[in-house]
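The numbers here are math on the coordinates, done by the rules we state, and not lab data. This one's a predicted model, so the numbers in the text were calculated from it and none came from an experiment. A quick note on method: Cβ atoms are made from the backbone with ideal geometry, for glycine too, and the neighbour counts reach across all protein chains shown.
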Amino acid sequence: MGDQEGIRLQKALAQAGVASRRTAEILIEEGRVEVDGAVVTEFGMRVDPAVSVIRVDGERIPPTSAHVYLVLNKPRGVVTTMSDPQGRPCVADYVQDRPERLFHIGRLDTDTEGLLLLTNHGEFAHRLTHPSYEVSKTYVAEVEGNVKPSVLRALLDGIELDDGPAQADTVKVVSSIRGRTLIQISLHEGRNRIVRRMFDAVGHPVKRLTRTAIGPVRRGNLHTGDLRELDHKELGQLLDLVDL
């Protein structure tokens, strides 16, 4: 990049909402800012925020852009589509006031509630759902029966399904009472109804299923049916995960 191309680094940080230009200069002076893997300590550097990978204290700073990145806590009974010819409640009902043309990233089956990402950034959506990037997803499942340690081990070792093996990254019992067990399970699989099919295969059908995290994005206090934008830290971490 030539000396006069792009914008000054401190302006890029200010535009991204990280800090005022003066505070950005202090961050640069203290060696806390990196551009494309190199620490910057001088004020004159110019960058293209849409191309350069900028970090402050090691955290990725996503550029300002026309793209939007939203997270919805999808209610149970809502169809993961942007329209439904049968007139059932669908994801589009929750973003109908947004001006952008949005689409959901992956899907949750109708009976599953929890986190669903929406965007208008096609490449981001493609990479986030591609198995090669192995973005982990975490669920809490209420299943029938009391789950033994041997079942947890089988889920970690891998279950053979009709469309190939499936394996949990982590799995643990949260609680167990009156013939029901609450289990937290994480995996980077994206196949249809994968969690339900895995528990069916080990003899513990799912009674209720909630997705509580997608990579670094956590449900937190987001109420069922509510929508919010990804914060800078979440988006930066996701961009790193999918190498954008």
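Annotation: amide H of Tyr69 within the under-5 Å range of Leu230, sequence separation 5 or more or interchain, hydrogens built in the peptide plane. If the segment from Ser83 to Lys172 were pulled out straight at 0.36 nm per residue, it would be longer than the present Cα-Cα gap by 28.4 nm.
Amide H contacts under 5 Å for Val135: none, restricted to partners 5 or more places along the chain or on a different chain, H placed in the peptide plane at 1.01 Å from N. Couplings 3J(HN,Hα) for segment 139-156, derived from phi with the Karplus relation 6.51 cos²θ - 1.76 cosθ + 1.60 (θ = phi - 60°), are 10, 10, 10, 9, 10, 6, x, 9, 8, 7, x, 5, 5, 4, 5, 5, 5, 6 Hz, where x marks Gly and Pro.
Computed with the Debye formula from one identical point scatterer per Cα of segment 136-214, without solvent, the log10 of I(q)/I(0) at q = 0.11, 0.12, 0.13, 0.22 Å⁻¹ comes to -0.23, -0.27, -0.32, -0.98. With only alpha-carbon pairs counted, each pair once and no self-pairs, how large is the Kirkwood hydrodynamic radius of the chain in angstroms? Taking the inverse mean of 1/r over all distinct Cα pairs, the chain comes out at 20.1 Å.
Could you work out the Kirkwood radius for segment 169-223, taking every pair of different alpha carbons, averaging 1/r and inverting it, reported in Å?
Working: mean 1/r = 0.0791 Å⁻¹.
12.6 Å is the Kirkwood radius here.
With R₀ fixed at 45 Å, the C-beta to C-beta distance from Asp48 to Asn146 puts the FRET efficiency at about 0.20.
Between Lys233 and Ser65, take the C-beta separation as r, use R0 = 22 Å, and let me know the FRET efficiency to the nearest 0.05. Can you show the working numbers first?
Working: r = 17 Å, r/R0 = 0.75.
Plugging the Cβ-Cβ distance into 1/(1 + (r/R0)^6) gives 0.85.
Rounded to the nearest 0.05, what FRET efficiency is calculated for Ala201 and Leu222 with R0 set to 51 Å and r the Cβ-Cβ distance? The formula returns an efficiency of 0.95 here.
Computed about its Cα centre, the charge dipole of segment 7-60 is approximately 240 debye, with only Lys, Arg, Asp and Glu carrying charge at their Cβ.
Rounded to the nearest 20, the Cβ-based charge dipole of the chain about its Cα centre (Lys and Arg +1, Asp and Glu -1) stands at 1020 debye. Gain on full extension, evaluated as 0.36 nm per residue between Glu29 and Arg191 minus their Cα-Cα distance, stands at 53.6 nm. First check a/c for segment 1-124, with a ≥ b ≥ c the square roots of the eigenvalues of its C-alpha gyration tensor; if it is under 1.5, answer rounded, and if not, answer prolate when a/b is larger than b/c or oblate otherwise. Prolate, because a/c is 1.5 or more and a/b exceeds b/c. Since only Val18, Met45, Gly77 are under comparison, the one whose Cα sits farthest along the positive direction of the charge dipole of segment 5-80, derived from C-beta charges on Lys, Arg, Asp and Glu, is Gly77. Phi angles of segment 27-36 translate, via the Karplus equation with coefficients 6.51, -1.76, 1.60 and θ = phi - 60°, into HN-Hα couplings of 4, 5, 4, 7, x, 9, 10, 10, 10, 6 Hz per residue; Gly and Pro are given as x. Taken over the chain, lysine pairs spaced eight or more positions apart, or on distinct chains, with alpha carbons under 28 Å apart number 13. As a size descriptor, the averaged projected area of the C-alpha convex hull of segment 7-60 was calculated at 3.0 nm².
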